[in-house]
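Colleague: One structure, as structure tokens, below. Some questions next.
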Amino acid sequence: MRSEFINANGIRFHYLTDGAGPLVILLHGFPQFSYEYRHLVPALARAGYRAVAPDMRGFGDTSRPARIEDYALQTLGDDVAALVDALGETKAHVVGHEWGGIVAAEAALSHPDKVDRLILVNGAPAITLGRAIHHSWRQRVRSSYVLLYRIPRLPEWLLTARHGRVMSLLLSDGAFSAEDLAVYRDAICQPRAAWAGLAYFRSIAHTIKDDSNRLRGKRITSPSLILWGERDRTLRRDLALRLDKQFTNPPRKVFFPDVGRWVIEARADEVARIAIGFFDEDRALG
């Protein structure tokens with residue numbers, strides 16, 4: 001597995017990569033970065049795929065634009081399309097976890113020609129999540145933590161105090177070793193890394209109405225698969241069941257009843273097996 005850099009959509013992306021064959025782009029969640037896919041990248045490479053796990057804008061060793069508006073949802077979707085082009089391909093399979101799932105869905109809606117097959121892992125299209133928050137008081141309560149993230153400076157301090165000790169609470173449920181937690185703590189404490197990660201939440205709070213209008217009537221046409229850890233305390237199983245309306249064809253769903261949000265790392269081998277089987281269907285059809 002190699003560490004490389006590439007310019008796309010006006011910024012410099014760092015990414016982990018391995019393998020040759022059809023391109024698979026792997027988008028991480030918050031507060032993680034490309035390290036999340038340290039197991040999936042080599043597994044995909046062994047199966048005959050070219051796996052690319054970028055640090056999304058603001059995370060890890062990717063550029064950190066200085067304005068909140070630089071993290072608008074539409075821009076994040078454009079990043080995915082630009083990465084496909086910069087990597088010399090016309091389209092890619094895309095996997096997105098948590099915030100990466102929101103971005104992956106945005107790419108599939110706004111750049112359908114760039115997204116071949118789509119896998120969302122405990123992540124929903126922004127318009128689906130917005131509707132759930134609007135119509136369900138339970139989801140409003142579960143998502144209320146984002147109000148803290150919108151407060152200036154305080155959440156940055158909370159994320160980085162005592163060298164990111166709070167990461168042990170955010171990344172809980174037994175999916176992470178002490179070494180893993182140390183890696184994530186180091187990453188969030190890089191200069192302005194916490195601010196950039198929080199910019200995702202702060203930006204979408206300002207653009208969600210415009211995003212909803214922009215995406216109204218659009219459906220994801222890519223063959224899609226949903227992987228969902230049912231012990232996720234914020235994004236519960238009922239949200240996964242709401243997703244069908246955002247797709248031209250209802251996606252297949254695989255639920256993990258004994259796992260929380262961190263499915264990618266808690267069930268690395270099983271996720272790899274399921275993902276490879278799903279992508280191999282495209283090869284069989286071709």
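The values are calculated or read from the model by the stated rules, or taken from the named source; none is laboratory data. If you're wondering where the values come from, they're calculated on a predicted model, not measured in any experiment. Cβ sites come from the backbone with ideal geometry, for glycine too, and all protein chains shown count toward neighbours. Areas reflect the complete protein model, heavy atoms only, side chains present, ligands, DNA and RNA absent. Shrake-Rupley method; radii C 1.70, N 1.55, O 1.52, S 1.80 Å.
Colleague: Here are some conditions: (1) open to solvent by less than 40 Å² (accessible area, probe 1.4 Å); (2) modelled with pLDDT of 90 or more; (3) over 16 Å from the mean Cα position of the chain (by Cα). Residue 224 meets all but one. Which one does it not meet?
Modeller: All conditions pass for residue 224, except number (3).
Colleague: Go through region 28-144 and tell me which strands (runs of 3 or more DSSP E), entirely inside it, have 1 or more residues that are open to solvent by 30 Å² or more (accessible area, probe 1.4 Å), at pLDDT below 95 and not aliphatic (A, V, I, L, M).
Modeller: none
Colleague: Given the condition under 19 Å from the mean Cα position of the chain (by Cα), closer than 28 Å to residue 147 by Cα and aliphatic (A, V, I, L, M), answer yes or no: does some residue in region 227-236 qualify?
Modeller: So far as region 227-236 goes, yes, one or more of its residues are under 19 Å from the mean Cα position of the chain (by Cα), closer than 28 Å to residue 147 by Cα and aliphatic (A, V, I, L, M).
Colleague: Given region 176-286, what helices (runs of 4 or more DSSP H) lie entirely inside it while holding 2 or more residues that are more than 22 Å from residue 142 (Cβ to Cβ)?
Modeller: By residue number, 178-188, 193-215, 268-285.
Colleague: Under 9 Å by Cβ, and 6 or more places apart or on different chains, what pairs join a residue from region 134-150 that is closer than 17 Å to residue 197 by Cα with one that is modelled with pLDDT under 85?
Modeller: 143/129; 143/132; 143/133
Colleague: Output the residues belonging to region 1-16 that are buried (at least 23 other Cβ atoms within 10 Å of the Cβ) and among the hydroxyl-bearing types (Ser, Thr, Tyr).
Modeller: If the condition is that a residue be buried (at least 23 other Cβ atoms within 10 Å of the Cβ) and among the hydroxyl-bearing types (Ser, Thr, Tyr), then 15 is the only one that fits.
Colleague: Hey, another quick one. Residues of region 151-208 being in contact (Cβ under 8 Å) with a residue 40 or more places away in the chain, of a type in the set (Lys, Arg) and surrounded by 14 or more Cβ atoms within 10 Å (Cβ to Cβ), which ones?
Modeller: Passing the criteria: only 202.
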